[in-house]
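Step one of this worksheet: look at the structure below.
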Amino acid sequence: MAKLSELVEKIDIEAKEGNRKKALMMLDKLLEKVPDNKQLLTRKAKFEKEYDYEQRIITLEKKYDIASE
């Protein structure tokens with residue numbers, strides 16, 4: 001099994017590439033194995049907030065018919 005730091009690094013890479021939904025799913029799986037890890041919970045809250053903002057932007061772009069690049 002991979003080290004915790006390696007798994008967190010993979011999750012961070014997914015988030016940086018814009019795959020926040022996948023990063024959140026990966027974090028959820030990791031939190032099942034390492035519950036109540038403060039750093040992982042903080043990272044999850046951050047990604048959830050970023051994902052929420054991303055979804056809001058997409059919704060507004062659709063509403064006002066603006067193409068995203």
- prompt: In segment 2-11, is there at least one residue being of a type in the set (V, I, T), modelled with pLDDT of 90 or more and surrounded by fewer than 12 Cβ atoms within 10 Å (Cβ to Cβ)?
  reply: no
Residue set K46, K63, K29; condition more than 27 Å from S5 (Cβ to Cβ) and open to solvent by 100 Å² or more (accessible area, probe 1.4 Å); output residue K63
Counting only helices (runs of 4 or more DSSP H) wholly inside the chain, the ones holding at least 2 residues that are among the polar types (S, T, N, Q) are 38-63
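In this structure, does K21 turn out to be on the phi < 0 side of the Ramachandran plot, of a type outside the set (G, A, S) and within 16 Å of the chain's Cα centre (by Cα)? Reasoning before the result, please.
Working: on the phi < 0 side of the Ramachandran plot: yes; of a type outside the set (G, A, S): yes; within 16 Å of the chain's Cα centre (by Cα): yes.
So K21 passes the test.
The values are calculated or read from the model by the stated rules, or taken from the named source; none is laboratory data. Only a predicted model underlies this, so the values are computations on that prediction, with no experimental measurement involved. Methodologically, a virtual Cβ is constructed for each residue, glycine included, from the backbone with ideal geometry; neighbour enumeration extends over all protein chains shown. Side chains are part of the model used for accessible areas, which takes the heavy atoms of the whole protein and leaves out ligands, DNA and RNA. Shrake-Rupley method; radii C 1.70, N 1.55, O 1.52, S 1.80 Å.
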